[in-house]
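Engineer: For reference, the structure I am asking about is given below.
The values are calculated or read from the model by the stated rules, or taken from the named source; none is laboratory data. This one's a predicted model, so the numbers in the text were calculated from it and none came from an experiment. Please note: Cβ atoms are built from the backbone with ideal geometry, for glycine as well, and neighbour counts cover all protein chains shown.
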């Protein structure tokens, strides 16, 4: 039986990228590292983990998974932290209603993370 998503995995290819990953996820977003080992770290998002391996080389590519959505109570605050940290905001905070049954009102914004990953900050309204 599936119980949920445990973690999302990414790879960085240099010590400098790992420093940027820690600065972004821990320093800017305020998440905590819960485990470190010689080839990786695991960061707690509150209801799942981001696992980052440090043993990759080469080019980062956007694949079939388009983005990681992080649930927050305050999308605007998170985007302000991202901007203050010097990271690129792709889509600023905005309200949408997903035309589902029933309609689903949300607030969302997107940025690029330190490895080129797309991150959505998501709040249900």
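Engineer: When residues of the range 102-116 are filtered for being crowded, with 19+ Cβ neighbours inside 10 Å and under 11 Å from the mean Cα position of the chain (by Cα), how many remain?
Structural biologist: 4
Engineer: In addition: Of all residues in the range 45-63, count the ones that are more than 15 Å from the chain's Cα centre (by Cα) and either crowded, with 18+ Cβ neighbours inside 10 Å or at pLDDT 95 or above (or both).
Structural biologist: 1
Engineer: In the range 90-112, what residues are closer than 22 Å to residue 12 by Cα and in contact with a helix residue (DSSP H, G or I) (Cβ under 6 Å, 6 or more places away or on another chain)?
Structural biologist: 111
Engineer: If a residue counts only when it is free of Cβ contacts under 8 Å to residues at least 12 places away in the same chain and in contact with a strand residue (DSSP E or B) (Cβ under 6 Å, 6 or more places away or on another chain), which strands (runs of 3 or more DSSP E) contained entirely in the range 41-125 have at least 2 such residues?
Structural biologist: Once the strands (runs of 3 or more DSSP E) in the range 41-125 are filtered for at least 2 residues that are free of Cβ contacts under 8 Å to residues at least 12 places away in the same chain and in contact with a strand residue (DSSP E or B) (Cβ under 6 Å, 6 or more places away or on another chain), what remains is 89-98.
Engineer: Take the conditions surrounded by 18 or more Cβ atoms within 10 Å (Cβ to Cβ), touching a helix residue (DSSP H, G or I) at 6+ places or on another chain (Cβ under 6 Å) and within 14 Å of residue 122 (Cα to Cα) and apply them to residue 72. Does it pass?
Structural biologist: Spelling it out, residue 72 is indeed surrounded by 18 or more Cβ atoms within 10 Å (Cβ to Cβ), touching a helix residue (DSSP H, G or I) at 6+ places or on another chain (Cβ under 6 Å) and within 14 Å of residue 122 (Cα to Cα).
Engineer: In a strand (DSSP E or B), touching a residue at least 12 places away in the same chain (Cβ under 8 Å), exposed (fewer than 11 other Cβ atoms within 10 Å of the Cβ) and in contact with a strand residue (DSSP E or B) (Cβ under 8 Å, 6 or more places away or on another chain): is that true of residue 34 in this structure?
Structural biologist: yes
Engineer: Are any of the residues in the range 6-16 farther than 23 Å from residue 75 by Cα, assigned to a helix (DSSP H, G or I) and without any contact (Cβ under 8 Å) to a residue 24 or more places away in the chain?
Structural biologist: yes
Engineer: Would you mention how many residues in the range 11-25 are under 14 Å from the mean Cα position of the chain (by Cα) and either modelled with pLDDT of 90 or more or loosely packed, with under 12 Cβ neighbours inside 10 Å (or both)?
Structural biologist: Within the range 11-25, residues that are under 14 Å from the mean Cα position of the chain (by Cα) and either modelled with pLDDT of 90 or more or loosely packed, with under 12 Cβ neighbours inside 10 Å (or both) number 6.
Engineer: Of the residues that make up the range 17-31, is at least one assigned to a strand (DSSP E or B) and in contact with a strand residue (DSSP E or B) (Cβ under 7 Å, 6 or more places away or on another chain)?
Structural biologist: Looking through the range 17-31, none of the residues is assigned to a strand (DSSP E or B) and in contact with a strand residue (DSSP E or B) (Cβ under 7 Å, 6 or more places away or on another chain).
Engineer: Any chance the range 92-101 includes a residue that's farther than 29 Å from residue 35 by Cβ, surrounded by 16 or more Cβ atoms within 10 Å (Cβ to Cβ) and more than 12 Å from the chain's Cα centre (by Cα)?
Structural biologist: yes
Engineer: Given (1) within 13 Å of residue 113 (Cα to Cα); (2) modelled with pLDDT of 90 or more; (3) surrounded by 10 or more Cβ atoms within 10 Å (Cβ to Cβ), where does residue 42 come up short, assuming only one miss?
Structural biologist: Result: residue 42 fails condition (1) only.
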